[in-house]
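J.: So that we are looking at the same thing, I have put the structure below in structure tokens.
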Amino acid sequence: MNSLKERIIADGEVLSGNTLKVDSFLNHRIDTGFVLEIGREFKKIFSDCDINKILTIEASGIAVSFATSQSFDFCPVVFAKKGAASNMGPDVYHASLYSYTRRADYEVYVSKKYLNKNDKVLIIDDFLANGDALNALIKICEQAGCELVGCGVVIEKAMQKGGEMLREKGIRVEALARVESMDAEKGIEFC
């Protein structure tokens, strides 16, 4: 997606530790028109898929999933919560993950009421680096017995091995922008 690559170059900031900061338009301050464009692009990519749920993880995946949902006739969005909420109840699917950005371990939860064996699920998230978040969501899909049709990510850090590892498992992973390398001095190179 050329407009996304242009936006990353114009507004993205490379921080130490292989961190790409795009919070001016994607995951802190949201450029809603641009995120709707991202949702339409996911619809083009996954137009061959019959889905009835979009699964993501809080918090940054929610806006992109909502935008994608609009392009899929407003199919429901389910998001995994980081940590057990007191109002969630005990009947949940859960998985563990390590957050690269927050440098912390999390348990994520989805109520069994919102995901089941009849669902055809598209996972959407903002970033793919080491693959921990997507792996946790895939485990939740496995627990629910639903059909995973694929994973869509806005930005994949291809220099980290998450995408490669998932694709080797036979999981369809589509990224709108794949970053090959990034450096505060040299800039960002795309695949």
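J.: In degrees between 0 and 90, to the nearest 10, how far off the longest principal axis of the chain does helix 60-71 point, with axes built from Cα atoms?
T.: With both axes taken from Cα atoms, the answer is about 80 degrees.
J.: Calculate the FRET efficiency for Ala184 and Glu107 from the Cβ-Cβ distance with a Förster distance of 35 Å, rounded to the nearest 0.05. Could you put the intermediate results ahead of the total?
T.: Details: r = 34 Å, r/R0 = 0.96.
After rounding, the FRET efficiency stands at 0.55.
J.: Under a 5 Å amide H to amide H cut-off, with H placed in plane at 1.01 Å, what residues pair with Gly150 once short-range neighbours are removed?
T.: Here the answer is Ile123, since their amide H atoms fall under 5 Å of that of Gly150.
J.: Any chance you could list the semi-axes, whole Å, largest first, of the equivalent ellipsoid that the Cα gyration tensor gives for segment 37-88, using √(5λ)? The partial results should precede the final answer.
T.: Values: eigenvalues 108, 25, 13 Å².
Over the Cα atoms of segment 37-88, the ellipsoid semi-axes are 23, 11, 8 Å.
J.: Here's another thing I want to ask about it. Taking the simple approach of a point 7 Å from Cα along Cα-to-Cβ for both Asn87 and Asp31, what is their distance in nm?
T.: Between Asn87 and Asp31, the label points sit 3.4 nm apart.
J.: Given a Förster distance of 30 angstrom, what is the FRET efficiency for Asp48 paired with Asn2, based on the Cβ-Cβ distance and rounded to 0.05? Intermediate values should be presented prior to the final figure.
T.: Details: r = 22 Å, r/R0 = 0.74.
Between Asp48 and Asn2 the formula returns 0.85.
J.: Right, another one. Exceeding 30 Å between C-alpha atoms, which entries from my cross-link table qualify? They are Lys120/Lys169; Lys81/Lys120; Lys43/Lys186; Lys21/Lys82. Before the final figure, lay out the partial values.
T.: On the way: Lys120/Lys169 19 Å; Lys81/Lys120 20 Å; Lys43/Lys186 33 Å; Lys21/Lys82 21 Å.
Over 30 Å apart, Cα to Cα: Lys43/Lys186.
J.: At what distance in angstrom do the alpha carbon centres of segment 149-191 and segment 44-90 lie from each other?
T.: The two parts, judged by their Cα centres, are 20 Å apart.
J.: Can you give me the angle between helix 2-11 and the longest principal axis of the chain, using Cα atoms only, in degrees from 0 to 90, rounded to the nearest 10?
T.: It works out to around 70 degrees.
J.: Return the calculated 222 nm mean residue ellipticity for the chain, to the nearest 500 deg cm²/dmol, obtained by summing -39500 (n - 2.57) across DSSP H runs with n ≥ 4 and dividing by the residue count. If you can, show how the numbers build up before the last one.
T.: Working: 5 runs with 56 residues, N = 191.
Here the helix-only value at 222 nm equals -9000 deg cm²/dmol.
J.: Any idea how far apart Ser96 and Asn118 come out in nm if each label point goes 7 Å out from Cα toward Cβ?
T.: So the two model labels end up 3.4 nm from each other.
J.: Please find the FRET efficiency linking Cys191 to Glu58, where r is the Cβ-Cβ separation and R0 is fixed at 25 Å, and quote it to the nearest 0.05. Provide the component values of the computation, followed by the final result.
T.: On the way: r = 28 Å, r/R0 = 1.13.
With a Förster radius of 25 Å, E is 0.35.
J.: Debye sum, Cα scatterers, segment 1-75, no solvent: what log₁₀ I/I(0) at q = 0.14, 0.20 1/Å?
T.: Reported log10 I(q)/I(0), two decimals: -0.48, -0.90.
Read-outs: derived from the displayed coordinates by stated rules, not from any lab. The model shown is predicted, which means the values in this text are computed figures rather than measured ones. Glycine also receives a Cβ, built like all others from the backbone with ideal geometry; neighbour counts cover every protein chain displayed.
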